[in-house]
Amino acid sequence: MEAITRPTRKEKTVDRASWRQFGLFFKRAKLSWVWIIIALAVTIAYYLVVAKLPGSTAGVLKGDFSTKALMSALINYACFIVLRVLVESTLLIASSVSTRSVRNSVWKRMMGIETRYYDKNSAGSLLSAVTCDSEVAVGSLVNMIVTIPGLIVYLYSAIKEIGSYSPKLIAVVLIMIPVYVVYAILMGKWQYKVGHRIQTKIGGLTGFLSERIRNLTLIKSFVTEAKEDENGKNAAKELCKANVENSYLNGVMTAYSFITEAAGIVLAVIWGCMLLRKGEIQRDQWLAFFLFVPTINLVLRQLTSIWSNLKDVQGRAARLGELMDAPQEAMNEAAGVLARSGDIEVKNVSFSYTEDTPILKNISFTIPEGRTTAIVGPSGSGKTTVLRLLEKLYSPNEGEITIGGENLENINLKAWRDRMSYVNQDAELFSGTIREALTYGIDVEITDDMLEAAARLADIYDFIMDKPEGFDAELAFWGSAMSGGQRQRMVIARELLKNADILLLDEPTSALDAETAVQISETFFKGFEGKTIITITHELNFIAHADNIIVLKQGEIEAIGTHDELMETSPTYRALVEEQSYQEVFVQ
Ligand code: ADP
């Protein structure tokens, strides 16, 4: 078991930053205040009734069976039950509605965050912020907001009532306060550590399992099931260890609660009996006081454990606060609709993902409107990075990119992205029906005739019509039940429907066999004739359609020209063509 150590200065700074993020989260979180106030009112009413119960019951317990005494006890108990039910349900509604609204705003902000942020933060852990952290953090926060005032109201009313019997009885309550404060401080630290370890281990286990499930075919092909079984057991063992420590903690906490509760009751009995003997309180007051003691103990314990609850919420809320504070993409909405078209100019652009590694070094070239431009070069030379800059997923560190003379930095981002289609080798499709997948992100109405025309042009119409439901057939999850070629044809149909002016292709056929690759490349050029096409490729069937070829090498432009020109001027290009020709001969 880990010893409880003093926090270092660094830990203290992290803790302070974490509290700041927590504050930020609290400020930004759109909690459902209407429901919180309803739950708060019901909870306060509930605790007021709880504080009345001992007084109204004590008379009956003492033997006063008058109609008034019985009715008063009965009404109080009826209110107690009704309010208890209302407390539970309104609290649940307040936290569910608040969680939903926080989740929505975190998700909305996550989609708007700059791409650079995702380079530094793992997508898996960010997702658990939406699914898990928001639920736990908001749930606990709402619970605290709603419950704490009720607990204080109860304590105040209980002390007032007890004080009315004899001010000396209050001493028992005051003695118990330091006992619980010490308990909260000791247990809070331990609880925070154990809780944190459990969260980390659950994260580790989830990450492990999701990666293995994603790569199940790899496991099968390497026949490593037994090894992965062992790895899975180890990951689960770590979580189990943390849970076992948690059970020790729970054991100690339960023992401590019993001991303090018993001590509180013994103390109350001794003290109460003494006052009763001296005649300072009546028998029914003594009975009422005795009934108060367990609830007061419970309330004191709940109040003093707020600190440890808050520490648990702090970590999760801080993560959410950090997400909400992450830099957002500049949408430039004020710039209005992008009317310009024309050539795209990349002028003296330099770019790096991280400060120390330059990826693109002062590159300049023109992409003529309505023509096909191919970007070729060795792997890692920066080709995909050029497309990312054109899509404005990143901005150049130096230089500028313009369309028709207008700098991309100044144009409306949505309008710009509406003008382009991006296709890569993964042929990304969302699940749902074929109709939904093909019309994804398209705002205008798409008729069946338009769907049919696009599907025919993409050469996927017969495949769709083979399904009894046609366009309304469900795609299996991520379209994984289709072959690579079929998925890419679906993507072509979707992009034809989007009808963008600029088509960005990032090796769209590199995952396909040679024959399908040729067919798909023909489909692209037939379907997008007259559009501006920028294609990253190493395949001759794509290069053959290009009006202009840019050769990139280690982030610099080695040459620009037509096929014939580059065969003369670019060693990299020549090597690429010769390798392909060799492969073709070899394949035959
Ligand atoms: P290409 O498309 O020519 O294969 P890329 O543009 O994908 O090359 O990558 C160029 C270089 O940038 C590579 O060295 C790659 O490791 C690096 N790189 C790509 N994406 C990132 C990223 N998100 N963060 C840091 N480095 C990256």
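Output the residue which, of all residues in the stretch 353-365 that are open to solvent by 20 Å² or more (accessible area, probe 1.4 Å) and either within 22 Å of residue 573 (Cα to Cα) or hydroxyl-bearing (Ser, Thr, Tyr) (or both), is farthest from the ligand (Cβ to nearest atom).
It comes out as 364.
Answer with yes or no whether residue 556 is within 16 Å of the ligand (Cβ to nearest atom), over 23 Å from residue 475 (Cβ atoms), over 32 Å from the mean Cα position of the chain (by Cα) and open to solvent by 20 Å² or more (accessible area, probe 1.4 Å).
For residue 556, the condition - within 16 Å of the ligand (Cβ to nearest atom), over 23 Å from residue 475 (Cβ atoms), over 32 Å from the mean Cα position of the chain (by Cα) and open to solvent by 20 Å² or more (accessible area, probe 1.4 Å) - is met.
Among the candidates 105, 98, which residue alone is of a type in the set (S, T, N, Q), within 14 Å of the chain's Cα centre (by Cα), under 30 Å from residue 18 (Cβ atoms) and surrounded by 15 or more Cβ atoms within 10 Å (Cβ to Cβ)?
Details: 98 fails: within 14 Å of the chain's Cα centre (by Cα).
Matching residue, one of 105, 98: 105.
Output the residue which, of all residues in the stretch 515-553 that are surrounded by fewer than 16 Cβ atoms within 10 Å (Cβ to Cβ) and among the small types (Gly, Ala, Ser), is farthest from the ligand (Cβ to nearest atom).
Taking the candidates together, the pick is 530.
For residues that are closer than 23 Å to residue 580 by Cβ, within 15 Å of the ligand (Cβ to nearest atom) and not hydroxyl-bearing (Ser, Thr, Tyr), tally how many sit in the stretch 366-417.
Qualifying residue count for the region: 10.
Exactly one condition in (1) closer than 25 Å to residue 484 by Cβ; (2) within 16 Å of the ligand (Cβ to nearest atom) is false for residue 427; which is it?
The single condition residue 427 does not satisfy is (2).
What are the residues in the stretch 211-239 that are within 24 Å of residue 191 (Cα to Cα) and surrounded by 13 or more Cβ atoms within 10 Å (Cβ to Cβ), if any?
If the condition is that a residue be within 24 Å of residue 191 (Cα to Cα) and surrounded by 13 or more Cβ atoms within 10 Å (Cβ to Cβ), then 235, 236, 238, 239 are the ones that fit.
Got at least one residue in the stretch 126-133 being over 16 Å from residue 36 (Cβ atoms), modelled with pLDDT under 85, more than 16 Å from the ligand (Cβ to nearest atom) and crowded, with 20+ Cβ neighbours inside 10 Å?
So far as the stretch 126-133 goes, yes, one or more of its residues are over 16 Å from residue 36 (Cβ atoms), modelled with pLDDT under 85, more than 16 Å from the ligand (Cβ to nearest atom) and crowded, with 20+ Cβ neighbours inside 10 Å.
Report the residue count in the stretch 23-72 for those that are among the aromatic types (Phe, Trp, Tyr) and either in contact with an Asp or Glu (Cβ under 8 Å, 6 or more places away or on another chain) or free of Cβ contacts under 8 Å to residues at least 12 places away in the same chain (or both).
Just the residues of the stretch 23-72 that are among the aromatic types (Phe, Trp, Tyr), to begin with: 25-26, 33, 35, 46-47, 65.
The next check asks that each one be either in contact with an Asp or Glu (Cβ under 8 Å, 6 or more places away or on another chain) or free of Cβ contacts under 8 Å to residues at least 12 places away in the same chain (or both); those that pass are 33, 65.
Number of matching residues: 2.
All but one of (1) more than 30 Å from residue 319 (Cβ to Cβ); (2) in contact with a helix residue (DSSP H, G or I) (Cβ under 6 Å, 6 or more places away or on another chain) hold for residue 195, so report the exception by its number.
Residue 195 satisfies every listed condition except (1).
Taking residue 317, is it out of contact with any Gly (no Cβ under 7 Å at 6 or more places or on another chain), part of a helix (DSSP H, G or I) and of a type outside the set (S, T, N, Q)?
When the stated conditions are applied, residue 317 passes them.
Please state which of the following conditions residue 49 fails to meet, knowing it meets all the rest: (1) under 30 Å from residue 166 (Cα atoms); (2) surrounded by fewer than 19 Cβ atoms within 10 Å (Cβ to Cβ); (3) in contact with a Phe, Trp or Tyr (Cβ under 8 Å, 6 or more places away or on another chain).
Condition (2) is where residue 49 drops out.
Would you check which residues across the stretch 500-525 are farther than 23 Å from residue 440 by Cα and either part of a helix (DSSP H, G or I) or among the polar types (S, T, N, Q) (or both) and list them?
Within the stretch 500-525, 510, 514, 515, 516, 517, 518, 519, 522 qualify.
I'd like to know if the stretch 471-492 contains one or more residues that are surrounded by 20 or more Cβ atoms within 10 Å (Cβ to Cβ), touching a residue at least 12 places away in the same chain (Cβ under 8 Å), assigned to a strand (DSSP E or B) and within 16 Å of the ligand (Cβ to nearest atom).
Checking the stretch 471-492: not a single residue is surrounded by 20 or more Cβ atoms within 10 Å (Cβ to Cβ), touching a residue at least 12 places away in the same chain (Cβ under 8 Å), assigned to a strand (DSSP E or B) and within 16 Å of the ligand (Cβ to nearest atom).
Only one of these conditions is not met by residue 120: (1) of a type outside the set (Val, Ile, Thr); (2) at pLDDT 85 or above; (3) open to solvent by 10 Å² or more (accessible area, probe 1.4 Å). Which number is it?
Unmet condition: (2).
Consider residue 350 carefully, then state whether it is under 37 Å from the mean Cα position of the chain (by Cα), hydroxyl-bearing (Ser, Thr, Tyr) and more than 12 Å from the ligand (Cβ to nearest atom).
yes
The values are calculated or read from the model by the stated rules, or taken from the named source; none is laboratory data. Here the structure is a predicted model, which means the values were calculated and not measured. Neighbour counts run over all protein chains shown; Cβ positions are idealised from the backbone, glycine included. Heavy atoms of the whole protein, side chains included, go into the accessibility calculation; ligands, DNA and RNA do not. Shrake-Rupley method; radii C 1.70, N 1.55, O 1.52, S 1.80 Å.
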